[in-house]
Amino acid sequence: MSHDPLQTGQARYAWREIDRREPPKRKAEERITDFHEIYSLFDEAMIREQASRCVQCVSPACVTGCPLGNRIPEWIALAAEGRFLEAAEISRRTSSMPEICPRVCPQERLCEDACVIHSPEEPVCIGAIEKFINEYALASGNGHIATAPRNGLRVAVVGSGPGGLACADELSRMGYTVTVYESQLLPGGLLLFGIPAFKLDKAVVERRINILKQQGVEFKVGVTLGKDVSLSGLLENHQAVFLGIGALKPKALDVPGADLQGVIQGLPFLAQKNAPIALDLPPVDVNGRRVVVLGGGDSAMDCLRTAIRCGAAEVVCAYRRDLANMPGSRKEYANALEEGARFLFLTNPLAIEGNGDGNVTGVRCVRMELGEPDASGRRKPRPVAGSEFQIPADLVLVAYGFDPVPFPPGSDLARIAVNDWGATKVDQNQMTSVPGVFAGGDVVRGPSLVVHAVRDGRRAAAGIHRYLTELKPSPAPAQP
Ligand code: SF4
Ligand code: SF4
């Protein structure tokens, strides 16, 4: 539909006349041949048209739906006028990675789900607009690097995933001298090693890290907390520490045959197939093999789509609940379907079957039905008697989620209080039970979204600033 609502004076009602459009997406048969991102940007005219669908709510529900509280109507109004640099400048005020979050957020559960014109109509395409204005600004070399006079205070950030990077960004903007410690040989954490490049190009992560370096953030890679450095060592050299070390202990597959050759945890598989450097992991040959992925979250979708790109003969997802109760993003589910993945809902593994050589040959499963809601409010699946069947498989990828890695017993990290399932406890400032030590992201909340980790990192930076400027007693003046 060709229409310029800004010229007609009907902008407030443009959403009735202009359909929502999705950003250009590469065809499935082309994109499964490589690991490049599948979405590209709208052009400027389309961004202006799509932005004009926003009715500029007085109490914008989209802002509440965004975990960062992004000032969405403000930057959408500017985008509708073609003032993209000003729009990006506002979006940067509330987000430390405004070009990354729109690539990986499940908007259909967050900002766009909350948009007021969603039902009766399709919501404003908030994520695509946020990505466009920030890519536009970055391409123009405009304003992402913020330098501030150093305030003489040092903070250590442990872990360079989204929480750590967001915390480092905020602190460096406030004048703190920040050093990020990363156990891998490249910074980026899950952004680099966990999220496939077809969703988030590695060059996009590298660009964001380079921005932080230009802001004065120092990165020390190949350094593991609890092994190469201790918590007390960090506290001796820094006034505060932020822990953004994630939750990387995979939930186990607890069925007979789980130790057969060809049963592999999803995260090391994703890291090996997506990391921009060779990792010290045993090679996994996928080409021509039948792959079964167990689980229904975003990691499961990533495993399915990565296996397809690695040449799997057949890729099947087995999930114990139904589609309505599947935690994975609907957008990624649709993309996986388009790329050739097959989904078996209400299907639970009973055993992994193998041959005399100890190699996987299949997954014995049982059909499930949904019973009464459990403590989480979701209907609890229960097996259907006599419904067992086998899915042939050469490779089984387990994507059941993660728990925090326990702190090494005996290390000085063990003094940090954790809850019953090992997650680090924090107060409203993201401070742990150890004064001056803060934490955020998956190590606190368990596996969650990138945008939640960014929010935690920013909150922790504000908490650290408060702690160092208001709460922490100043050293006693030296006696004459
Ligand atoms: Fe939406 Fe995520 Fe951007 Fe917030 S950060 S506006 S939830 S895409
Ligand atoms: Fe615009 Fe939707 Fe936000 Fe309202 S809720 S301000 S229509 S994006």
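The values are calculated or read from the model by the stated rules, or taken from the named source; none is laboratory data. Note that the structure is predicted; figures quoted are calculated from it, not measured. Because the Cβ atoms are built from the backbone with ideal geometry, glycine has one as well, and the counts that use them run over all protein chains shown.
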task: Answer yes or no: is there a residue in the stretch 216-231 that is in contact with a helix residue (DSSP H, G or I) (Cβ under 6 Å, 6 or more places away or on another chain) and within 23 Å of Ala146 (Cβ to Cβ).
output: yes
message: Cβ-Cβ distance below 9 Å, separation of 6 or more or different chains: which pairs start in the stretch 193-210 with a residue that is in contact (Cβ under 8 Å) with a residue 12 or more places away in the chain and end on one that is β-branched (Val, Ile, Thr) and assigned to a helix (DSSP H, G or I)?
response: Ile195/Val104; Ile195/Val205; Ile195/Val450; Pro196/Thr306; Phe198/Thr306; Lys199/Val104; Leu200/Val104; Leu200/Val450
message: Can you list the strands (runs of 3 or more DSSP E) lying wholly within the stretch 363-435 that have 1 or more residues being within 26 Å of Leu253 (Cβ to Cβ), in the same structural domain as Ala312 (by TED's automatic domain parsing) and of a type in the set (Lys, Arg)?
response: 379-383
task: Pairs only if they're at least six apart or on different chains, beta carbon under 7 angstrom, first in the stretch 225-239 and without any contact (Cβ under 8 Å) to a residue 24 or more places away in the chain, second assigned to a loop (DSSP other than H, G, I, E, B); list them, first residue then second.
output: none
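Going through the stretch 167-221 one residue at a time, which ones are among the β-branched types (Val, Ile, Thr), touching a His at 6+ places or on another chain (Cβ under 8 Å) and under 26 Å from Ala247 (Cβ atoms)?
Step one: of the stretch 167-221, the residues among the β-branched types (Val, Ile, Thr) are 177-180, 195, 204-205, 209, 211, 217, 221.
Pick out the ones that are also touching a His at 6+ places or on another chain (Cβ under 8 Å) and you get 179, 211.
The answer is Thr179, and nothing else.
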- prompt: Here is a list of conditions, (1) surrounded by fewer than 19 Cβ atoms within 10 Å (Cβ to Cβ); (2) among the charged types (D, E, K, R); (3) under 28 Å from Cys125 (Cα atoms), and Asp285 meets all of them except one; can you say which number that is?
  reply: (3)
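From Gly328, Gly354, Gly295, Gly340, which residue is touching a residue at least 60 places away in the same chain (Cβ under 8 Å) and either polar (S, T, N, Q) or buried (at least 21 other Cβ atoms within 10 Å of the Cβ) (or both)? Talk me through it step by step, then tell me what you get.
Values: Gly328 fails: touching a residue at least 60 places away in the same chain (Cβ under 8 Å); Gly354 fails: either polar (S, T, N, Q) or buried (at least 21 other Cβ atoms within 10 Å of the Cβ) (or both); Gly340 fails: either polar (S, T, N, Q) or buried (at least 21 other Cβ atoms within 10 Å of the Cβ) (or both).
Residue meeting the stated conditions: Gly295.
Within the stretch 437-460, track down each residue that is within 17 Å of Ile195 (Cβ to Cβ) and either aliphatic (A, V, I, L, M) or within 16 Å of ligand 2 (Cβ to nearest atom) (or both). Before you say what the answer is, go through the steps one by one.
If we filter the stretch 437-460 for residues that are within 17 Å of Ile195 (Cβ to Cβ), which is where we start, we get 441-442, 447-454, 457.
Across the stretch 437-460, the qualifying residues are Leu449, Val450, Val451, Ala453, Val454.
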query: Here are some residues: Ile90, Ile100. Which one is more than 30 Å from Ala313 (Cβ to Cβ), within 15 Å of ligand 2 (Cβ to nearest atom) and either among the aromatic types (Phe, Trp, Tyr) or outside the structural domain of Leu337 (by TED's automatic domain parsing) (or both)?
result: Ile90
query: How many of the residues in the stretch 30-87 are closer than 30 Å to Gly340 by Cα, in contact with a Pro (Cβ under 9 Å, 6 or more places away or on another chain) and basic (Lys, Arg)?
result: 0
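So how many residues does the stretch 280-292 have that are out of contact with any Leu (no Cβ under 8 Å at 6 or more places or on another chain) and in contact (Cβ under 8 Å) with a residue 40 or more places away in the chain? Walk me through how you get there before you give the answer.
First, the residues of the stretch 280-292 that are out of contact with any Leu (no Cβ under 8 Å at 6 or more places or on another chain): 280-283, 285, 287-288.
The next check asks that each one be in contact (Cβ under 8 Å) with a residue 40 or more places away in the chain; those that pass are none.
Final tally of qualifying residues: 0.
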- request: Have a look at Ala61, Ala137, Ala79 and point out the one that is within 24 Å of Glu206 (Cβ to Cβ), more than 21 Å from the chain's Cα centre (by Cα) and either within 16 Å of ligand 1 (Cβ to nearest atom) or not small (Gly, Ala, Ser) (or both).
  value: Ala137
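Quick grid of which residues meet (1) more than 25 Å from Leu235 (Cβ to Cβ); (2) crowded, with 20+ Cβ neighbours inside 10 Å:
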{"residue": "Ala87", "(1), (2)": "yes, yes"}
{"residue": "Asp113", "(1), (2)": "yes, no"}
{"residue": "Glu130", "(1), (2)": "yes, yes"}
{"residue": "Ala139", "(1), (2)": "yes, no"}
{"residue": "Ile145", "(1), (2)": "yes, no"}
{"residue": "Ala156", "(1), (2)": "no, yes"}
{"residue": "Gly161", "(1), (2)": "no, yes"}
{"residue": "Val178", "(1), (2)": "no, yes"}
task: Hey, could you check the stretch 232-252 for residues that are crowded, with 21+ Cβ neighbours inside 10 Å and at pLDDT 95 or above and say which is nearest to Arg289 (Cα to Cα)?
output: Gly244
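May I ask you to say which residue of Pro102, Pro98 is free of Cβ contacts under 8 Å to residues at least 40 places away in the same chain, within 10 Å of ligand 1 (Cβ to nearest atom) and touching a Gly at 6+ places or on another chain (Cβ under 9 Å)?
That would be Pro102, the only listed residue that is free of Cβ contacts under 8 Å to residues at least 40 places away in the same chain, within 10 Å of ligand 1 (Cβ to nearest atom) and touching a Gly at 6+ places or on another chain (Cβ under 9 Å).
Go over the candidates Gly446, Gly441, Gly436 one by one and state the one that is on the phi > 0 side of the Ramachandran plot, among the small types (Gly, Ala, Ser) and in contact with an Asp or Glu (Cβ under 6 Å, 6 or more places away or on another chain).
Details: Gly446 fails: in contact with an Asp or Glu (Cβ under 6 Å, 6 or more places away or on another chain); Gly436 fails: in contact with an Asp or Glu (Cβ under 6 Å, 6 or more places away or on another chain).
Residue meeting the stated conditions: Gly441.
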Criterion violated by Leu267 - all others in (1) more than 24 Å from Met326 (Cβ to Cβ); (2) crowded, with 18+ Cβ neighbours inside 10 Å satisfied: (1)
query: Looking at (1) surrounded by fewer than 19 Cβ atoms within 10 Å (Cβ to Cβ); (2) farther than 30 Å from Gly311 by Cβ; (3) touching a helix residue (DSSP H, G or I) at 6+ places or on another chain (Cβ under 6 Å), which is the only condition Cys66 fails?
result: (1)
- prompt: Quick check, is Gly141 farther than 20 Å from Cys54 by Cβ and without any contact (Cβ under 8 Å) to a residue 24 or more places away in the chain?
  reply: yes
